[in-house]
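Chemist: First, the structure itself, so that you have it in front of you.
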Amino acid sequence: MAQQTIPAAVGTHRSAPTDGSGRPVRPRRTLRPRTVAVAAVAWLIAAVFLLPYLQMVITALRPASELRDATYLPDHFAWSNFVDVWRESNLGSNLRVTLLVAGGSTLLVLLVAIPAAYYTARVKYRGRKVFLLLVLVTQMFQPTSLLVGLYREFYQLGMLNSVWTLVLCNAAFNLAFAIWILTAYFSAIPVQLEEAAMIDGLGRGGALLRVTLPLAMPGVVTAVIFTFIAAWNEFVMGLTLSTVPESQPLTVGINSFIGNYTVQWNYLFAASVIAIVPVVVLFAFIERHVVSGLTAGAVK
């Protein structure tokens with residue numbers, strides 16, 4: 001019987017090239033001139049934005065005797081500036097007040113804005129558009145235009161120099177933006193998801209907490225970021241409603257290093273470096289939520 005020959009399979013898989021040790025060799029990526037140019041421009045823009053912060057750190061480490069020197073770097077770095085500014089001022093108390101004000105106002109805004117935005121997005125009541133328009137119009141009022149009225153009101157209530165006064169004011173001025181943002185996110189979530197959850201036994205509150213709110217988390221994070229940063233950077237209300245140095249926020253405490261005739265630049269910049277650390281830590285923890293919020297809705 002003649003021996004049959006088996007033809008070679010068409011399209012036989014070829015093994016990847018390997019080096020001397022048997023490991024596969026990765027193909028080299030060729031950099032295109034356009035990619036290099038875009039990367040160079042991106043690094044240049046990043047350097048432009050980062051240089052002021054670098055200058056702030058360098059000035060914070062300058063000794064007092066070298067503040068007027070024309071050199072970019074000091075002869076020696078005075079790390080004691082951070083210790084001195086913490087010991088010789090109320091910076092610790094100011095930082096604690098700012099953390100309480102920013103955290104408290106953010107929490108209060110979320111507790112009020114989430115139910116208000118959810119109701120506005122789900123219930124088509126009469127005057128809904130007018131309500132949203134009024135919410136947007138309240139963003140046009142600046143705190144400085146209401147300071148006299150706020151001061152008299154809290155003075156009569158005996159609430160000056162109180163952390164809760166600053167919490168209420170910051171929450172009131174940031175509530176409208178949070179309601180506007182969250183209403184848009186809740187409106188974009190299909191109501192059929194909540195109806196399916198309620199058929200499975202959940203109530204309206206359970207459907208909101210377990211179904212809708214996780215899907216609207218990018219909007220919640222956006223509201224948290226804007227409210228926290230606005231309360232963290234607030235200056236005018238803290239200066240007017242808090243006259244005792246220990247009850248003033250960090251922005252007002254930093255301003256104390258600016259005198260009538262002299263400015264303690266090394267202490268001023270050292271306190272500024274301390275002030276930006278909590279915000280940087282906050283962004284480090286919620287960065288992925290920020291990115292998801294920016295890209296939400298880009299892909300179906």
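Chemist: P(r) for the stretch 126-180, please, calculated from all Cα pair distances in 10 Å bins and given in %.
Modeler: Per 10 Å bin, starting at 0, the Cα pair percentages come out as 21, 44, 27, 8, 0.
Chemist: Amide H to amide H, which residues 5 or more places from Gln264 or on other chains are under 5 Å from it, using H placed in the peptide plane?
Modeler: Gly259
Chemist: Quick one: pull the percent of accessible area on the chain belonging to carbon and sulfur, 1.4 Å probe, ligands and nucleic acids left out.
Modeler: On the way: 13270 of 20200 Å².
About 66 percent, which is the carbon plus sulfur part of the accessible surface.
Chemist: With axes computed from alpha carbons, what is the tilt in degrees of helix 163-188 against the longest principal axis of the chain, rounded to the nearest 10 within 0 to 90?
Modeler: 30 degrees
Chemist: Further, regarding this structure: Give the residue list of trypsin sites (Lys or Arg not before Pro) in the stretch 73-166 that are DSSP loop and have at most 13 other beta-carbon atoms within 10 angstrom. Intermediate values should be presented prior to the final figure.
Modeler: Values: sites: Arg87, Arg96, Arg122, Lys124, Arg126, Arg128, Lys129, Arg152; in loops: Lys124, Arg126.
Answer by residue number: Lys124, Arg126.
Chemist: Sticking with this structure for a sec: Of all the C-alpha pairs in the stretch 140-258, what % are more than 16 Å from each other? If you can, show how the numbers build up before the last one.
Modeler: Details: 4762 of 7021 pairs.
When all Cα pairs of the stretch 140-258 are counted, 68 percent exceed 16 Å.
Chemist: Only helical DSSP H runs with n ≥ 4 go in: add -39500 (n - 2.57) per run for the chain, normalise by residue count and round the 222 nm mean residue ellipticity to 500 deg cm²/dmol.
Modeler: Estimated from H runs of four or more residues: -20500 deg cm²/dmol.
Chemist: Dipole of the chain, Cα-centred, from +1 at each Lys and Arg C-beta and -1 at each Asp and Glu C-beta, to the nearest 20 debye? Please report the intermediate quantities before stating the final value.
Modeler: Details: 21 positive and 13 negative charges, 285 e Å.
Charge dipole, the chain, about its Cα centre: 1380 debye, nearest 20.
Chemist: Would you mind finding the longest exposed-site-free stretch of the chain, with exposed chymotrypsin sites (Phe, Trp or Tyr not before Pro) meaning DSSP loop and at most 11 other Cβ atoms within 10 Å?
Modeler: Details: sites that count: Tyr72, Trp79, Tyr125, Phe141, Tyr261.
Longest gap between qualifying sites, sites excluded: 142-260.
Chemist: Tell me the volume per residue, in Å³, of the convex hull enclosing the alpha carbons of the chain.
Modeler: Convex hull of Cα atoms, per residue: 325 Å³.
Chemist: Right, another one. Can you list residues whose amide H is under 5 Å from Ala78's amide H, if they're 5+ apart or on another chain and H is modeled 1.01 Å from N?
Modeler: Arg62
Chemist: Taking just the alpha-carbon atoms of the stretch 68-190, what radius of gyration and Dmax come out, in angstrom?
Modeler: Final numbers for Rg and Dmax: 21.3, 70 Å.
Chemist: Further question on the same structure: Can you work out the accessible area per residue across the chain, with the rest of the protein chains kept in place, probe 1.4 Å, in square angstrom?
Modeler: 67 Å²
The values are calculated or read from the model by the stated rules, or taken from the named source; none is laboratory data. All of these numbers come straight from a predicted model, not from anything done at the bench. Counting neighbours? That spans all protein chains shown, and the Cβs are built from the backbone with ideal geometry, glycine included. Areas reflect the complete protein model, heavy atoms only, side chains present, ligands, DNA and RNA absent. Shrake-Rupley method; radii C 1.70, N 1.55, O 1.52, S 1.80 Å.
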